[in-house]
Ligand SMILES: CC[C@H]1O[C@@H](n2cnc3c(N)ncnc32)[C@H](O)[C@@H]1O
């Protein structure tokens with residue numbers, strides 16, 4: 001299959017599908033006709049797309065945790081606990097790291113060892129190994145819409161199995177589940193593999209089943225300038241729309257300055273609408289997701305609740321459709337179900353207190369929205385030019401040339417030349433552009449904001465600011481001031 005920005009024909013899709021389903025024995029149980037019937041038998045209350053659209057119409061922000069353990073019964077117990085004791089509005093199944101690397105043999109061992117140990121020895125839910133039957137038990141035994149959340153460069157088999165089981169949302173994308181998650185998988189390969197996932201969702205849509213797709217907005221979650229993450233989100237939205245996906249949630253990872261975070265969500269939603277319209281996708285149901293702070297967390301649980309609540313309020317004031325919840329165990333590892341539920345309760349408390357309130361506009365907010373949209377446009381214009389009008393080709397070339405450049409990404413296909421740092425009020429700015437094609441005016445604006453910080457701190461604008469900012473939140477502040 002040659003990469004091109006074009007909807008796959010059914011014939012192309014089903015040809016590739018034969019190979020995909022051979023990836024593990026459970027692949028042979030996927031039957032799309034049966035799956036469509038099963039989806040249509042589910043109550044509307046279990047459809048992710050519908051719940052998101054209802055929330056958007058009502059102007060409320062939904063809360064969703066991350067959660068996943070090795071064995072089905074314990075996973076069901078966990079998810080229902082987060083529903084009843086946490087108050088979750090939407091449920092995940094966070095997939096384990098072996099599955100994310102397609103190492104299903106290791107999952108098999110992990111499942112056996114977890115049974116022997118009586119506790120989860122995998123850091124997530126091994127959906128491929130549990131197969132349609134096992135995953136369907138999760139769908140049958142829970143009461144909220146379910147989404148698979150992972151970090152899988154090649155999620156074709158995982159998506160086939162879990163969507164057939166009745167999950168109605170799938171997170172990820174050919175950029176956002178490659179560059180921040182993999183070291184040496186080419187963009188070409190993951191763009192094609194995620195076109196497959198999007199085409200599968202397009203097939204469900206064409207057969208009357210709405211499945212939500214959610215690109216992974218935060219990327220590395222480390223000082224990613226909002227225009228870089230928004231550019232990637234819009235590109236993955238276009239890639240999905242071209243394959244027939246209709247219900248799309250674009251996301252953003254909290255950076256920490258409230259005005260910039262609200263501006264980022266507002267800019268993301270309106271600019272994505274503009275691009276969908278301009279490129280002829282007129283029936284996209286667009287929602288947004290705000291990820292609570294994705295960087296280093298304080299170990300102290302009270303401080304962690306401060307970070308969680310701060311993220312919840314930013315999400316509500318931004319008017320995001322959904323907020324992804326962190327837990328007070330973030331600094332330690334996979335949370336207990338009690339800690340996970342507590343993170344959701346704290347979040348829901350804040351969302352309820354702020355219900356109906358949105359951050360009203362102001363000159364500072366309007367300015368930030370304008371800056372983010374202008375920077376995003378510079379990047380996307382260049383991607384389109386590099387691809388000669390083919391977004392997919394443009395993405396590959398843009399990474400080759402550092403036009404798309406995600407800070408602190410492990411991928412060898414990412415240039416890693418652009419460097420960010422916070423300005424004097426904590427907004428994330430471009431300290432070094434690398435090859436990110438901002439106009440001179442925008443580059444100067446970023447530098448001017450950083451110079452203000454330099455003046456205030458009495459030090460030059462250097463990479464040391466970036467380093468100080470990376471450790472700041474874990475140490476209890478937003479901006480990494482010199483000691
Ligand atoms: C994207 C990274 C986020 O996913 C979270 N995460 C990863 N695996 C699990 C898991 N199994 N249960 C709950 N949270 C999880 C992790 O704590 C971090 O906040």
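No value in this document is a laboratory result; all are computed from the given coordinates. What you see is a predicted model; the values in this text were computed from it and never measured. Using ideal geometry, Cβ is built from the backbone for each residue, glycine included, and neighbour counts are taken over all protein chains shown.
Okay, here's what the table says:
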quantity: Per principal axis, descending, Cα span of region 12-51 in whole Å; calculated: 34, 21, 15
quantity: Percent of beta bridges antiparallel (DSSP, the chain, rounded to nearest 5); calculated: 15
quantity: Calculated FRET efficiency for the pair residue 332/residue 483, C-beta based, R₀ 22 Å, to 0.05; calculated: 0.25
quantity: Computed Kirkwood radius, in angstrom, where 1/r is averaged over Cα pairs of region 116-160; calculated: 12.1
quantity: log₁₀ of I(q)/I(0) at q = 0.14, 0.17, 0.22, 0.24 Å⁻¹ - region 312-420, Debye sum with one point per alpha carbon; calculated: -0.89, -0.97, -1.03, -1.11
quantity: Calculated FRET efficiency for the pair residue 302/residue 439, C-beta based, R₀ 41 Å, to 0.05; calculated: 0.40
quantity: Euclidean distance of C-alpha centroids, region 1-73 and region 246-275, integer Å; calculated: 24
quantity: Helix 72-81 vs. the chain, principal-axis angle (Cα, 0 to 90°, nearest 10); calculated: 50
quantity: Rounded tilt (10° steps) of 104-117 against the dominant C-alpha axis of the chain; calculated: 80
quantity: Alpha-carbon Debye profile of region 214-262, log10 I(q)/I(0) at 0.18, 0.21, 0.24 Å⁻¹; calculated: -0.54, -0.69, -0.83
quantity: Relative compactness, region 380-483, computed as alpha-carbon Rg over 2.2 N^0.38 Å; calculated: 1.21
quantity: Region 118-234 - Rg over Rh from alpha carbon coordinates, Kirkwood radius; calculated: 0.99
quantity: Burial order of peptide ranges 5-13, 264-272, 231-239 (average beta-carbon count within 10 Å, highest first); calculated: 231-239, 264-272, 5-13
quantity: Crossing angle, helix 391-400 versus the chain [Cα axis fit, 0-90 degrees, rounded to tens]; calculated: 60
quantity: Mean separation of Cα contacts under 8 Å, 6 or more apart, over the residue count of region 27-149: relative contact order %; calculated: 34
quantity: More than 20 Å apart - percent of Cα-Cα pairs taken over region 229-315; calculated: 41
quantity: Ellipsoid equivalent to the chain - semi-axes via the Cα gyration tensor, in Å; calculated: 34, 26, 21
quantity: Rg to Rh quotient for region 360-403, alpha carbon positions, Kirkwood Rh; calculated: 1.21
quantity: Relative frequency of Cα-Cα separations exceeding 15 Å in region 424-468, percent; calculated: 38
quantity: Region 166-233: mean projected area of Cα convex hull, nm²; calculated: 5.1
quantity: Inverse of mean 1/r across different Cα pairs in region 330-394, Kirkwood, Å; calculated: 16.2
quantity: Calculated P(r) tail over 21 Å for region 1-96, as whole % of Cα pairs; calculated: 59
quantity: Two-site FRET efficiency, residue 85 against residue 11, from Cβ-Cβ distance with R₀ of 41 Å, rounded to 0.05; calculated: 0.25
